[in-house]
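The values are calculated or read from the model by the stated rules, or taken from the named source; none is laboratory data. Small disclaimer: the values here were computed from a predicted structure and weren't measured. Note that we place each Cβ from the backbone using ideal geometry, even for glycine, and neighbour counts take in every protein chain shown.
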Ligand SMILES: [Zn+2]
């Protein structure tokens with residue numbers, strides 16, 4: 001079983017933001033404890049007394065208004081924490097890969113970016129699992145943060161199972177509806193939040209600070225970065241790795 005933990009970054013309604021991002025990390029069940037433990041170790045460093053109170057949420061860390069982040073007076077130190085959360089993936093087995101979909105909202109004025117991103121990632125995850133299934137069929141489960149879009153995503157996943165998505169690509173490798181968890185209790189959901197944030201900053205603000213920490217972890221096959229999707233209609237010569245590797249592969 002492979003678990004795809006997803007979280008979102010960027011607001012659908014905020015007109016000051018051009019992008020909405022859904023992104024996260026795919027972890028085989030055998031590596032879930034290892035990865036959670038790496039993040040627990042980092043939480044222990046931040047607050048050795050009550051590490052369970054430390055919740056990694058990238059935007060909150062950056063703003064530094066709440067405890068324990070307001071103890072880190074310098075912004076550089078808070079940026080370092082966000083990067084260290086992302087860098088827990090360094091040294092992980094190569095079968096831990098990341099996925100993200102960045103939607104340029106104005107390119108698709110009549111579509112719901114949340115639905116679009118979820119549909120895109122479900123399909124990518126399904127293809128990933130199918131490609132893994134050489135000797136034995138591999139199954140996947142999508143894990144989402146409870147606070148983000150529970151009802152709309154759940155009903156969407158149900159209709160995917162019943163009808164397949166718009167490409168007619170049935171998501172047979174993915175289990176039932178997504179599992180919703182409380183991000184406060186799930187370290188890997190917190191890591192998913194950071195991955196979504198890294199991708200959001202890359203596309204929305206051209207800020208590569210965080211993206212560079214994880215770029216090499218996106219699911220790739222045959223020189224194409226299948227794990228990352230940049231959905232936009234305004235630049236057909238875009239040189240981001242998602243667009244560039246697909247164009248080069250044609
Ligand atoms: Zn692009």
### Task
Could you tell me which numbered condition residue 245 fails, if it satisfies all but one of (1) touching a residue at least 40 places away in the same chain (Cβ under 8 Å); (2) within 14 Å of the ligand (Cβ to nearest atom)?
(1)
### Message
Looking only at the range 217-250, count every residue that is assigned to a helix (DSSP H, G or I) and within 20 Å of residue 9 (Cβ to Cβ) and tell me the total.
### Response
4
### Message
Suppose we filter the range 208-240 for residues that are loosely packed, with under 15 Cβ neighbours inside 10 Å and more than 15 Å from the ligand (Cβ to nearest atom); how many remain?
### Response
6
### Residues being touching a helix residue (DSSP H, G or I) at 6+ places or on another chain (Cβ under 9 Å) and in a helix (DSSP H, G or I) - total across the range 78-109
12
#### Entry: Residue under evaluation residue 32, criteria (1) modelled with pLDDT under 95; (2) farther than 16 Å from residue 217 by Cα; (3) crowded, with 17+ Cβ neighbours inside 10 Å, criterion not met
(1)
### Query
For the range 201-219, how many residues are under 22 Å from residue 3 (Cβ atoms) and touching a residue at least 40 places away in the same chain (Cβ under 8 Å)?
5
### Message
Could you go through the range 4-15 and let me know if any residue there is farther than 21 Å from residue 182 by Cβ and touching a residue at least 24 places away in the same chain (Cβ under 8 Å).
### Response
yes
### Task
Please specify each residue of the range 60-75 satisfying the condition of being surrounded by 14 or more Cβ atoms within 10 Å (Cβ to Cβ) and either within 23 Å of the chain's Cα centre (by Cα) or closer than 16 Å to residue 184 by Cα (or both).
60, 61, 62, 64, 68, 69
### Query
How many residues are outside any helix (DSSP H, G or I) and within 26 Å of residue 106 (Cα to Cα) when one looks only at the range 183-216?
5
### Query
Which condition breaks for residue 192 when tested against (1) surrounded by 15 or more Cβ atoms within 10 Å (Cβ to Cβ); (2) more than 10 Å from the ligand (Cβ to nearest atom); (3) more than 12 Å from the chain's Cα centre (by Cα)?
(3)
#### Entry: Failed item, numbered, when residue 155 is tested on (1) loosely packed, with under 13 Cβ neighbours inside 10 Å; (2) assigned to a helix (DSSP H, G or I); (3) modelled with pLDDT of 95 or more
(3)
